[in-house]
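Values quoted throughout were computed directly from the atomic coordinates according to the rules given, and no laboratory measurement underlies them. Quick caveat, the model's predicted, so the values are computed rather than measured. So basically every Cβ, Gly included, is an ideal-geometry build from the backbone, and we count neighbours across all protein chains shown.
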Amino acid sequence: MESRESIDIDVSVKIVLVGDSQVGKSSLLSLFINEEFNQNIPTTHGIGNKHRTLELEGKVVKVDLWDVPGHIKYRPALTQFYNHASAAILIFDLSKRESFKNLNKWISELTLSGIKLPRILLVGNKSDKTEERDIDESDLQNFLKNYYLKYIETSAKTGENVEEAFMIALQKSLKFYEGRNESRSSTQVDARNREACCVCRVVCRLF
Ligand SMILES: Nc1nc2c(ncn2[C@@H]2O[C@H](COP(=O)(O)OP(=O)(O)OP(=O)(O)O)[C@@H](O)[C@H]2O)c(=O)[nH]1
Ligand SMILES: [Mg+2]
């Protein structure tokens, strides 16, 4: 699955990264794009938009990744950035219970913006901080059962599961993209069938 720029793109998808401030959205993105981890990464103020082109399921896929700032002051303005997103990576910090508690708010925001649950991947980041893990495991399991969310734990620091997480989100995107195309082409077939029926009715009436 190597990166191939300047070639024909079969599919372009948009994935948004959301979650509380400081959970590691920009760090995960930086690892996925540049294979770099920076302990002193600055907090995100605008929208950071990066892309990577790769081959998946026999297609050349361009993935646009939108790094949405997590700070509460930006929240009212965020929903416009969810437009046309095919999937979302919702991130919380495994060492910060508050970021887990706030997931409900993020889920409402995403689903209200049209990104439904099957298109959301939940990521528990900072899995390297084993001593500081601050999540009630039964709360986590109940949460996953309630929402039927796909879940993975990552560490932007060690790289654990980072590529895997983005690949799962990418597969969700492709599934959504293909589903949308199928329903479009079946609408076209329906339209053609209706057209054929009209022609048939006209021809029948003539004879
Ligand atoms: N130990 C550890 N630290 C991490 C990990 N991911 C990010 N960090 C650190 O957590 C802090 C916040 O990371 P960011 O990537 O800026 O978080 P963010 O979610 O983009 O934050 P905002 O831009 O404010 O929304 C930084 O000091 C990172 O170095 C991780 O997996 N493990
Ligand atoms: Mg950031």
If packing is taken as the average count of other Cβ atoms within 10 Å, what order do 120-126, 167-173 fall into, highest mean first?
120-126, 167-173
Which percent, nearest 5, of DSSP beta bridges in the stretch 11-206 are antiparallel?
30
Any number yet on Rg/Rh for the stretch 11-206, C-alpha, Kirkwood?
1.12
Which of the peptides 75-83, 94-102 is most tightly packed, and how do the rest follow, going by the mean number of other Cβ atoms within 10 Å of each residue?
94-102, 75-83
Computed ³J(HN,Hα) along the stretch 93-106: with the Karplus parameters 6.51/-1.76/1.60, θ = phi - 60°, integer Hz and x for glycine or proline, the list is 9, 5, 9, 9, 3, 4, 5, 6, 4, 7, 4, 3, 5, 5
Below 28 Å, Cα to Cα, which lysines can Lys62 reach? Residues fewer than 8 away in the same chain don't count.
Lys14, Lys25, Lys50, Lys116, Lys126, Lys150, Lys157, Lys172, Lys175
Going residue by residue through the stretch 115-120, the Karplus relation 6.51 cos²θ - 1.76 cosθ + 1.60 with θ = phi - 60° gives ³J(HN,Hα) values, rounded to whole Hz and with x marking Gly or Pro, of 8, 6, 3, x, 9, 10
Shape call for the stretch 72-179, from the Cα gyration tensor axes a ≥ b ≥ c (a/c under 1.5 means rounded, otherwise prolate when a/b beats b/c, else oblate), comes out prolate
